[in-house]
Amino acid sequence: MIRVFADYEPEHALRDEADVVVVGSGPCGAVVAKELAEAGRSVVLLEEGPPFTPEDFVLDGALSMARTMREAGLRATRGHVMPTMQAIALGGGSLVNSAICVRPPAFVFDEWAARFELSQTSRADLDPHFDAVESFLGIAPTPDAVQGRRNLLFREGCEKLGIPSEPIPRNVRGCRGSGECFTGCRARAKQSMDLSYVPAALRAGARVYTSVRAEQVLHAGRRATSVRGRVVAPFTGRPGPAFEIAARAVVLSAGCMATPLLLLASGLANRSGQVGRNLQFHPGVAVMGVFPERVDPQFGATQGMQSLHFLRDGYKLETLWAPPAVLAVRLPGAGLALKERLAEIPHASIVDAIASCHHSLGSVRPRRQGSLEPALHWRLHPDDLPVLGQALRTIVDVLFAAGARKVLPGVHGLPDELGPGDVEALRRQRFRPSDFVMAANHAFCTTRMHGDPAAGVVDEWGRCHELDNLYVADTGVFPRCTSVNPMLTGMALAHRTAKALSGRL
Amino acid sequence: MRSLGYVADVPIEMALAAGLLLALGWRGFGGYPRPAEELGCLSRREAAFVASAAEALFPRGGAVPPSGLDAGVPVWCDRWLAALPAGTRRLVRALFLLVEHATLVFPAPGWDGWRRFSALDAERRGAVLEGWRTSRFFARRLVFTSLRAIVTQGYFADPAVLRCLGLAPREIVPPVHAADALYPPIGRPRSAIRFAAADVAVHGPLDRPPAAEPLGPEGPLHADYREAAP
């Protein structure tokens, strides 16, 4: 049973009860709901956003963001101003991400274990959970047939430099290479949660309430007892009737920017003082290469190729496409000069790097006391600058090796365009944090797991140290960034949390 | 004391100063024309500012012929602003206000540069924007980037622009997915679901081959991006 906004009666409060209530239908919450429902538990899944059908998608990038993202896609950190987005839709971020599913290498989990007193979260411990998620979604490397010229140029550039590269594994079946992942897959090829895990949870008997905003977790002693909130209208957020779902266990999967606020608003799980702290991102830098021939970059998987070769150096390379209006934002200039550059987009290939900025920490706090709107503070630490600089230089090398005649680095202090002869100048450049125009949509660590209850919010199974039946399953539980795209890791950890919780009910 | 003859108590210097202030106020903040289109959200001042910024960033001609005004940026901006949450909308309005009136404090080049942005000629609008873009202050560059992002989104919302660049989306007819029989379009009742279980062609994640027929330049355009018949 799924309820949408039109199903609610304006004058009647909604009440229900279940074994487990899951808050948030993004990749982690959807996994928990499906696994517990299939294990025979009664499950209620709550989602603040609506389900999107193909006719609800709009191709206009800004209007699409206004419909699918919180704060219309204009959320940004303070401190170092950097855009960061959070989806509001059934399926969460999976509706509008590029479906990248990568297992982090073992060294990432070894570092987690060593620094955060985690003894059962090695790559080997998690592999069965990665396997389960990958096999359910049919995750597979992007086939050559839908790579498009733009992605293949990256492969050619890497080959010429001897840098290993590979097709990106994605939760996609039947891709047409429309390059429209960020505005919603019109081909219904991306196996976002609304198409995969949520329908499976429904088939197993879960009850899904959309357009409901969780505002408080109630508790009695060490036990969470229910989740309370309001029905909200799609897009406007206009509040409707109240709801309360009583449950034997509560799982918070509202994302690493919303879950800590829900905990703080409920006065829960923060004896360590770590709720909302340790915010980390994978800041991304992107460079556009302009090629002599027409590339037709709009055709091909949105992000089809990657290189994991530099993970230990702190960055991952990947190809990128986005709505042209979004890409054009980074082009230099104005007036007729800007138009000249727009005309070069059909000849362009874009490569980005996501960086592991371990020194750069931030926080999520409510904008006002009790508010569920986040104020994000984050600063790029000077010690992380060399990683971004090195990533930028590597991207430029790859693009020139692939045959680019010029690149547009989009970095303050550098010329608007660099030719192959300018690479040495780039190597000598010393950057400042404010030189980079970055974006970051991978966010972590605000309810981090830690073996020591005084230093973290949850244990290795996602259970809050301070409560017997309150769990967190989203990227907030990561103790440190993953160095690769986080969705699959979040889902694997959520899968493990669901198995553990099912055994305890 | 000299005074105006018909208002005996007002010194002429004070009257001249008041007149000058009024003239400056009018020059800075008044006399905005009625927008060419019916707008629901943008004020007259905001519409004039967005139109002038669109003209400055995307003048007519060049490699992509339509101008920002041809592309209907103010109308798009009006629609977009209406779709924003109230707090975000206030921020965007503050951005417009800031750039529109900053030249009253930090003038544009030239002897009469103390004009609001929308009252400057095209050349000086370009010079003002270039000043924001290349500033050594991050905050000023951020203002430029934000403004240009908004105007650029509006420019690209015009199908003619994407057609000029050969970037217009292609038509896609997806198979009916099991989820299409579960959810109505947003805001509609369950009766608006177009598909029944019998229509479903794709039942689960593994129910399709990994790659389908790839899209390419030869494919038909999405209906919203086709050129209207003459």
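Please treat every number below as a calculation from the coordinates, not as lab data. Bear in mind that the values here come from a model prediction, so they are computed numbers and not experimental data. As a convention, Cβ positions derive from the backbone with ideal geometry for all residues, glycine included, and neighbour counts pool all protein chains shown.
Sort out which residues of the stretch A:193-210 are part of a loop (DSSP other than H, G, I, E, B), surrounded by 22 or more Cβ atoms within 10 Å (Cβ to Cβ) and more than 9 Å from every other protein chain (Cβ to nearest Cβ), and write them in order of number.
Residues satisfying the conditions are A:Met193, A:Ala206.
Would you check which residues across the stretch A:107-160 are closer than 20 Å to A:Ser307 by Cβ and of a type in the set (Val, Ile, Thr) and list them?
Answer for the stretch A:107-160, where residues must be closer than 20 Å to A:Ser307 by Cβ and of a type in the set (Val, Ile, Thr): A:Val108, A:Ile139, A:Thr142, A:Val146.
Would you kindly identify the strands (runs of 3 or more DSSP E) lying entirely within the stretch A:342-416 that contain at least 1 residues that are closer than 28 Å to B:Ala168 by Cα?
Counting at least 1 such residues, we get A:348-355, A:406-408.
Tell me the residue from A:Arg41, A:Arg70, A:Arg78 that is over 28 Å from A:Ala500 (Cα atoms) and buried (at least 20 other Cβ atoms within 10 Å of the Cβ), please.
A:Arg70 is the lone residue from the list that is over 28 Å from A:Ala500 (Cα atoms) and buried (at least 20 other Cβ atoms within 10 Å of the Cβ).
Among the residues of the stretch B:151-168, are any within 9 Å of chain A (Cβ to nearest Cβ), surrounded by fewer than 19 Cβ atoms within 10 Å (Cβ to Cβ) and within 25 Å of A:His412 (Cβ to Cβ)?
For the stretch B:151-168, residues within 9 Å of chain A (Cβ to nearest Cβ), surrounded by fewer than 19 Cβ atoms within 10 Å (Cβ to Cβ) and within 25 Å of A:His412 (Cβ to Cβ): absent.
When A:Leu488 is evaluated against the numbered criteria (1) within 26 Å of A:Glu166 (Cα to Cα); (2) in a loop (DSSP other than H, G, I, E, B), which criterion, by number, is the only one it fails?
(2)
Would you point out the residue of the stretch A:144-162, among those that are surrounded by fewer than 18 Cβ atoms within 10 Å (Cβ to Cβ) and not charged (D, E, K, R), that is nearest to the other protein chains (Cβ to nearest Cβ)?
Per the stated criteria, the residue is A:Ala145.
For B:Phe96, only one of the following conditions fails: (1) without any contact (Cβ under 8 Å) to a residue 12 or more places away in the chain; (2) under 18 Å from B:Glu55 (Cβ atoms). What is its number?
Looking at each condition in turn, B:Phe96 falls short on (1).
Among what's in the stretch B:188-212 and is in contact with a strand residue (DSSP E or B) (Cβ under 8 Å, 6 or more places away or on another chain), of a type in the set (Gly, Ala, Ser) and in a loop (DSSP other than H, G, I, E, B), pick the residue that is nearest to the other protein chains (Cβ to nearest Cβ).
B:Ala212
Taking the residues in the stretch A:340-361 that are free of Cβ contacts under 8 Å to residues at least 40 places away in the same chain and surrounded by fewer than 24 Cβ atoms within 10 Å (Cβ to Cβ) as candidates, determine which candidate is farthest from the other protein chains (Cβ to nearest Cβ).
Only one residue fits best here, namely A:His359.
Report yes if some residue within the stretch A:241-264 is buried (at least 24 other Cβ atoms within 10 Å of the Cβ), part of a loop (DSSP other than H, G, I, E, B), touching a helix residue (DSSP H, G or I) at 6+ places or on another chain (Cβ under 9 Å) and of a type in the set (Val, Ile, Thr); otherwise report no.
No, the conditions are met nowhere in the stretch A:241-264.
Specify which of the listed residues (A:Gly267, A:Gly276) is crowded, with 24+ Cβ neighbours inside 10 Å, at positive phi, out of contact with any Asp or Glu (no Cβ under 9 Å at 6 or more places or on another chain) and not basic (Lys, Arg).
Residue meeting the stated conditions: A:Gly276.
Just to verify a result, which residue in the stretch A:128-143, among those that are assigned to a loop (DSSP other than H, G, I, E, B) and within 8 Å of chain B (Cβ to nearest Cβ), is farthest from A:Ala30 (Cα to Cα)?
Here the answer is A:Pro143.
Listed here are the residues, each with its yes/no results for (1) within 12 Å of chain B (Cβ to nearest Cβ); (2) surrounded by 17 or more Cβ atoms within 10 Å (Cβ to Cβ).
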| site | (1), (2) |
| --- | --- |
| A:Ala325 | yes, yes |
| A:Arg330 | yes, yes |
| A:Ala391 | no, yes |
| A:Leu418 | no, yes |
| A:Val423 | no, no |
